[in-house]
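**Student:** Would you mind keeping the following structure in view while I ask a few things?
The values are calculated or read from the model by the stated rules, or taken from the named source; none is laboratory data. No experiment lies behind these values; they were computed from the predicted model shown. We place every Cβ from the backbone using ideal geometry, glycine too, and count neighbours over all the protein chains shown. We work out accessible area using only protein heavy atoms, side chains counted, and drop any ligands, DNA or RNA first. Shrake-Rupley method; radii C 1.70, N 1.55, O 1.52, S 1.80 Å.
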Amino acid sequence: MAVIIDKELCIGCGSCAGACPQAAIDLDGEGKAFAGDACINCGMCIGACPVSAISAPEEEIKADKEWKGVWVFCQQTDSQLLPVSYELVGKGRELADSCGEELTAVVFGYNVWGLDSLIKAGADTVLYAEDRELSLAFEIPYASLMCRLINEKKPAVVLYGATPFGRTMAPMVAAGLRTGLTADCTVLEMDEETGLLKQTRPAFGGNLMATIVCADRRPQMATVRPGVFTAPAPDEKRRGRVEWVPWSKAADKGLKLLDFAAAKEGRKLSDFDVVVVAGRGIGQKKNLAVVKELAELLGGDFGVSRPLIDEGWAEYPHQVGQTGCSVAPKLLISLGVSGAIQHLAGISGAQTMIAVNTDPEAPIFSVADYAVVCDCMDFARAMIEELKGQKA
Ligand SMILES: Cc1cc2nc3c(=O)[nH]c(=O)nc-3n(C[C@H](O)[C@H](O)[C@H](O)COP(=O)(O)OP(=O)(O)OC[C@H]3O[C@@H](n4cnc5c(N)ncnc54)[C@H](O)[C@@H]3O)c2cc1C
């Protein structure tokens, strides 16, 4: 539903039209502003109007049975779906199964490769909008199209990867639909009694976990950082359908993408199958070289807890945890890490975890598969010796 413009108050200055990212506002024959169909109700014009002539419609979204199914927005870059898309499709499948509903993966792009892989990962339907204009992920047209599709098809739940792009687009959709959005969830589950999505995330500086529900508005929306959930193994026998959705070109007004330069970056910590994480228990900066050597011998990379970043021992991309990155490797070796809640938020997706700590009561042991109580540097050196012996 579009914003409401009070014609009596409107002075026809055009500030609202200039502020509208959708180019949805124009002046009518009497020089008064009006909002067209492209309006996504984002509210940019409301702040821009000097005479407070614009307001948001008081639309009552009933959380009724009309809103059904789980959607996952699957981001692509260079026509390749990002790994977080599969991680969320896996989680989306679980949520959809627990309420007996369908799972839909939503993809916008051009020549996007491997749509059927989303079906093999658990989707029943892939909603696909294709256009050259959509090849570069650009928040404004994507948010506008997403709002339109959600209004048409009414999903109960929508999940987004908390990538820089997802973190920008999802709030635009939430504002456009006047619904809630819980950022950086680490646990998602359906409440069997109420049918509500329980969205759990660290709160109050990470000192407690808060579970949030969106009881009155729809859809219920959440973002999840890459690496929090594990992508499911593809099921080659799964069948589903790809439904093409129409896309109409946005007007050439408002914010316009002129060019795009991809950041030159190598493999990220979250891309590795093996991660060796060092905590304050390694004692000295020079011991990080031993940790790196162990990680390399295992074909992986090293991560660190936050104090090591604060000390300047390692660069920020290696920080694991709530304010660093999340990792979901096949094997995680944790050396001298206590296991604070903010750290655990970044390693919950690890498939197998070996934790080494001198304190048998260290909280890290409560999430580890193998607990080793000893000096972590002795452990790391012994492993290096063993691995080198195997290679010789
Ligand atoms: C808002 C907020 C966000 C945060 N974000 C993050 C984050 O993203 N990532 C993060 O890691 N932290 C984060 N923190 C900090 C977090 O609360 C902890 O302080 C931090 O994780 C502790 O790091 P640590 O386990 O390396 O150090 P410590 O808590 O000091 O633990 C060191 C451990 O090493 C053990 N040890 C000591 N010597 C040895 C030895 N020789 N061999 C084996 N074990 C030994 C000790 O028994 C101890 O368990 C955040 C905090 C806040 C408030």
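**Student:** So how many residues does the stretch 69-99 have that are exposed (fewer than 15 other Cβ atoms within 10 Å of the Cβ) and under 19 Å from residue 199 (Cα atoms)?
**Tutor:** Qualifying residue count, the stretch 69-99: 2.
**Student:** Please work out which one of (1) modelled with pLDDT under 90; (2) over 22 Å from residue 1 (Cβ atoms); (3) among the hydroxyl-bearing types (Ser, Thr, Tyr) is the condition residue 186 fails and give its number.
**Tutor:** Among (1) modelled with pLDDT under 90; (2) over 22 Å from residue 1 (Cβ atoms); (3) among the hydroxyl-bearing types (Ser, Thr, Tyr), the lone unmet condition for residue 186 is (1).
**Student:** Can you go through 87, 102, 139 and tell me which one is in contact (Cβ under 8 Å) with a residue 12 or more places away in the chain, more than 19 Å from the chain's Cα centre (by Cα) and within 24 Å of residue 228 (Cβ to Cβ)?
**Tutor:** 102 is the lone residue from the list that is in contact (Cβ under 8 Å) with a residue 12 or more places away in the chain, more than 19 Å from the chain's Cα centre (by Cα) and within 24 Å of residue 228 (Cβ to Cβ).
**Student:** Might you let me know whether the stretch 4-20 holds any residue that is modelled with pLDDT under 90, in a loop (DSSP other than H, G, I, E, B), under 15 Å from residue 177 (Cα atoms) and touching a Gly at 6+ places or on another chain (Cβ under 8 Å)?
**Tutor:** No, the conditions are met nowhere in the stretch 4-20.
**Student:** Could you check the stretch 189-224 and list, in sequence order, the residues that are open to solvent by less than 30 Å² (accessible area, probe 1.4 Å) and within 16 Å of residue 326 (Cα to Cα)?
**Tutor:** Residues satisfying the conditions are 200, 202, 206, 223, 224.
**Student:** Also, quick follow-up: May I ask you to list the residues in the stretch 105-161 that are part of a loop (DSSP other than H, G, I, E, B) and surrounded by 18 or more Cβ atoms within 10 Å (Cβ to Cβ)?
**Tutor:** Selection gives 112, 122, 123, 124, 135, 137, 138, 155, 156.
**Student:** Please give the number of the condition residue 387 fails out of (1) more than 9 Å from the ligand (Cβ to nearest atom); (2) open to solvent by 50 Å² or more (accessible area, probe 1.4 Å); (3) farther than 27 Å from residue 226 by Cβ.
**Tutor:** The single condition residue 387 does not satisfy is (2).
**Student:** Does residue 327 satisfy the criteria of being open to solvent by less than 10 Å² (accessible area, probe 1.4 Å), within 9 Å of the ligand (Cβ to nearest atom) and either outside the structural domain of residue 224 (by TED's automatic domain parsing) or not aromatic (Phe, Trp, Tyr) (or both)?
**Tutor:** Spelling it out, it is not the case that residue 327 is open to solvent by less than 10 Å² (accessible area, probe 1.4 Å), within 9 Å of the ligand (Cβ to nearest atom) and either outside the structural domain of residue 224 (by TED's automatic domain parsing) or not aromatic (Phe, Trp, Tyr) (or both).
**Student:** Can you tell me which residue in the stretch 369-380 is most open to solvent (accessible area, probe 1.4 Å), limited to those that are more than 9 Å from the ligand (Cβ to nearest atom) and over 11 Å from residue 335 (Cβ atoms)?
**Tutor:** Selected residue: 370.
**Student:** Residue check: is residue 364 under 25 Å from residue 209 (Cβ atoms), touching a residue at least 12 places away in the same chain (Cβ under 8 Å) and near the ligand (Cβ under 9 Å from one of its atoms)?
**Tutor:** yes
**Student:** Look at the stretch 49-61 and say how many of its residues are of a type outside the set (A, V, I, L, M, F, W, C), in contact (Cβ under 8 Å) with a residue 24 or more places away in the chain and open to solvent by 30 Å² or more (accessible area, probe 1.4 Å).
**Tutor:** The number of residues fulfilling the criteria is 4.
**Student:** Select, from 320, 275, the only residue that is touching a Leu at 6+ places or on another chain (Cβ under 6 Å), among the aliphatic types (A, V, I, L, M), closer than 22 Å to residue 231 by Cα and open to solvent by less than 70 Å² (accessible area, probe 1.4 Å).
**Tutor:** Values: 320 fails: touching a Leu at 6+ places or on another chain (Cβ under 6 Å).
That would be 275, the only listed residue that is touching a Leu at 6+ places or on another chain (Cβ under 6 Å), among the aliphatic types (A, V, I, L, M), closer than 22 Å to residue 231 by Cα and open to solvent by less than 70 Å² (accessible area, probe 1.4 Å).
**Student:** Looking only at the stretch 350-392, count how many residues are of a type in the set (A, V, I, L, M, F, W, C) and within 33 Å of the chain's Cα centre (by Cα).
**Tutor:** Qualifying residue count, the stretch 350-392: 11.
**Student:** Also: Does residue 291 count as near the ligand (Cβ under 8 Å from one of its atoms) and open to solvent by less than 70 Å² (accessible area, probe 1.4 Å)?
**Tutor:** Details: near the ligand (Cβ under 8 Å from one of its atoms): no; open to solvent by less than 70 Å² (accessible area, probe 1.4 Å): yes.
Judged against the criteria, residue 291 is not a match.
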